[in-house]
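In what follows, a single structure is set out as structure tokens and then discussed.
The values are calculated or read from the model by the stated rules, or taken from the named source; none is laboratory data. None of the values given here were measured: they were computed from a predicted structure. With ideal geometry, Cβ positions are generated from the backbone for all residues, glycine too; neighbour counts draw on all protein chains shown.
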Amino acid sequence: MRLLQVASKIFGVILLINGAGVFDRTVHAAASNPTADPSGRTALRYAEAMAGGRVAAWADLDLGCLTNRLAKTAADASRDACWKDTLAIHVKLLADQPEKGIFGAQGRGVGFGLLHESHRKADLWRDYPPALFLSPSVWQHGGGLPPRIKFVKILPSRVTGLQIAGSPEPYSVRVTLVELSVTYPDPLTAPPALRPGEPWWASGTIRRYGPVRDLVVRLPVVSGLKAAGYPVDQAVLSAGLPETPTLLGTGGGGPSEIGRTSDRPGEQTGGQELAGGLLLGSVRWWDRASAGSQFATELRDIRGLSPSPDRLARMLRLLQLDETDRELNRLLGDDLYANLLKAGLARSGMSAGDDGTRRRLAEFYWTLQGATWRQELTEVAVGHSDVAESFYRAAQSLEIVAKSGRADLETVRRLGALQRWNNDSEAALENHEGALRRLDPKPSRWRATLLTEIAWDRLQWIFWTRRYEHPWLAQARQEAEQAQAMAEMPMDKLLAAEAVLVAEALAVPRQPARVQASLESVRQLHGRLQKVGGLWEYLIANDLVKAFVAESATVTLPTTARSSEVVDVRIHATPPPQDLLRTWEFDKDSSGAAPQGFSSAATAAGGNSRWTVQTDAEAPTSPHVLAHSAGCSTADCFDVLLAEATGFAYPDVTVHLRTIDSAAEGGAGIVMAASDRRLYYVVTLNESAGTLAIHRLAEGQATLLDRTSVQLTKRPWHLLRVQRINFAHVSKPRLSVFVDGREVAAVTDDAIPNLDRIGLATRGAVTVKFDRLHALNLVSNQPLSAPAAY
């Protein structure tokens, strides 16, 4: 006989509105203690059995287990099988949830994740089954203590339908929600959850989790089960096991449905409330004050441990109680920094015979990565990475130590290095220069070390901003030279000398003799090292200097293993043929003759222009210059001289120019992205008017892209520089223009083609002299190129 039919006779008419049921006020009012109502006693016995791991007692009170035992054969219907399957479901629910775009994406460990009501709209919110909060899967992880359970109250009963798998109609049952408080007594092993007020969306900060101190859970006690064929009349319903019955209106209860929110944006229907679970707003978290002496005791124990995964896990857990403790952050920052260096050394393939040298090699590796390809340090943006986790957490911890005002020099130095690798060069400089001011001005090992760090800080800023004319470049070179002279150990001297080499490589205009002298210094210092392997390749084939070192053509640096979600592009590769740098100073051409290696053309007829080599003792690189005499009579006429050399698709071009005579609309400058006179870009400077213009020429037709005023210094010669940039973060190809070392214009244009010829140009009637045309192909601007783009 169906229970629904029996109940209809007893209660007259059962109202099932939206599956929610109605209050059964004839049974009882809310009880004040568990002994006043059998439902309270059942809930307490169930909770204590679950928390205490008493399998038999729990299995006889769990409606899902009872149903499975009735439905299954004797071979798989044991209480132990139910228990094992239930705990497996709980473990899965408690597992760390990796999240893309989150710092600390897998940092909380085994725990609840989101419990505060303000986070209920989050995609990762889960409506946990009530038994989960009592489960040994929660408190046994990490060797914790079982929770303390206390009766709170009994809510009014409701009559509703119980749907059992295989039954065509639901059975009528009475459901009573019993509220129990659950206290996790040990703050060091209590399950963590995201603290109130913390962002649950993709965030640029590490989010704060905290150990849960206590909460209130509602257990649904179902009565009237014997009439449906169960051996007991009361049991607790907690979703999880297959075949677990469901109350009408509460949704599915199978394993695939566990944890899914049924309603958005977070409101529950009456039927869903009957499913029980966490009472929203009831959760409280442990903090340092409530933990009492346990914090200090644990910190003392951690201090006595050697670095290990267990020590790291314990520090991260203790950090959840007080993220501001200076000593804890110092220990954590040092361990994470060491992990980062260990990973860098393994990825680089470099080796050394002592720990100090290995540390310096690893720091040099990350310095190069920070200055060129930073994806290894930012993998956290696309997936979980132990390296990225160590990197960002170490920086956060050491910054807290530094802000305390009691950080030693080594802590400040490490923090500055992390900030530089994070491309925050100005913060790195602030810390390193502050540490330098704490030193006696006389030469010392520490002074040399900090000067080297400061030099690399400036070089990082210069490289990423491409401000090669900035005074910091010369300052970085001077600081590195001072450090090299002051350092005592060969490795310290070598890292300073490499900074000098990079500074010379970035100089505009570059002086090849000084580059070669710096390279020779690096070579000699490297030869003095003992038991060091794999370093030379990084010194000459890194992305900062490899274009200027012919020997690097034979070097292929190892690729690194990164997150599987990171695009698999090579970090370093064999550089292309060493024709990336060309300079035309015209000193080998005969005076009065046309320059060799160039061809000329004009966009309009009627001119009598001439490009000839002349002698000028006052030129920047005397004795010869390239002179252009007026030929075009109209402002829209461009006279172009193209270099026959090709291969400059992404060039950095500079030229010295001096205007002798010019019409009001005239100008002289640089040609970029050309194939021939039919298509190119031209940047011209009108010295007399103090203006700069950028045009696109196509089939003889000029389109003005930009015109701007330029404040020129009072000097006979001016330095014009144009770069074509196409970084991944730039939506369109861009031309950046500098005059006398200062950026004055930048234009983007979809039409800029990958054409690889450069040259010189005049516009209108103008007489001008050019000297030292210098072109560097920026190979690393080519997206996904080899060498890799950065």
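Computed values, structure above
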| quantity | calculated |
| --- | --- |
| Which listed residue, of 113, 107, is at positive phi and either within 31 Å of the chain's Cα centre (by Cα) or modelled with pLDDT of 95 or more (or both) | 113 |
| First in segment 274-293 and in contact (Cβ under 8 Å) with a residue 60 or more places away in the chain and farther than 18 Å from residue 117 by Cα, second anywhere and assigned to a loop (DSSP other than H, G, I, E, B) and small (Gly, Ala, Ser), Cβ under 8 Å, 6 or more apart | 274/20; 274/21; 274/249 |
| Members of segment 405-425 found to be loosely packed, with under 15 Cβ neighbours inside 10 Å and either in contact with an Asp or Glu (Cβ under 8 Å, 6 or more places away or on another chain) or in a loop (DSSP other than H, G, I, E, B) (or both), listed by number | 405, 406, 408 |
| Qualifying residue in segment 77-94 (condition: among the basic types (Lys, Arg), surrounded by 15 or more Cβ atoms within 10 Å (Cβ to Cβ) and at pLDDT 90 or above) | yes |
| Pick from segment 645-676, criterion among the small types (Gly, Ala, Ser) and in a loop (DSSP other than H, G, I, E, B), ranking: surrounded by the most Cβ atoms within 10 Å (Cβ to Cβ) | 666 |
| Where a residue in segment 528-554 is assigned by TED's automatic domain parsing to the domain that holds residue 495 and at positive phi and its partner, wherever it lies, is small (Gly, Ala, Ser) and crowded, with 21+ Cβ neighbours inside 10 Å, with Cβ under 9 Å and at least six apart | 531/352; 534/348 |
| Candidate set from segment 46-75 (those that are assigned to a helix (DSSP H, G or I) and of a type in the set (S, T, N, Q)); member that is surrounded by the fewest Cβ atoms within 10 Å (Cβ to Cβ) | 68 |
| Selection status of residue 218, assigned by TED's automatic domain parsing to the domain that holds residue 121 and either at pLDDT 95 or above or not in a strand (DSSP E or B) (or both) | yes |
| Residue in segment 677-703 that is farthest from the chain's Cα centre (by Cα), counting only those that are outside any loop (DSSP other than H, G, I, E, B) and farther than 22 Å from residue 768 by Cα | 701 |
| Residue selected from segment 390-404 under the condition in a helix (DSSP H, G or I) and more than 22 Å from the chain's Cα centre (by Cα), by the criterion surrounded by the fewest Cβ atoms within 10 Å (Cβ to Cβ) | 403 |
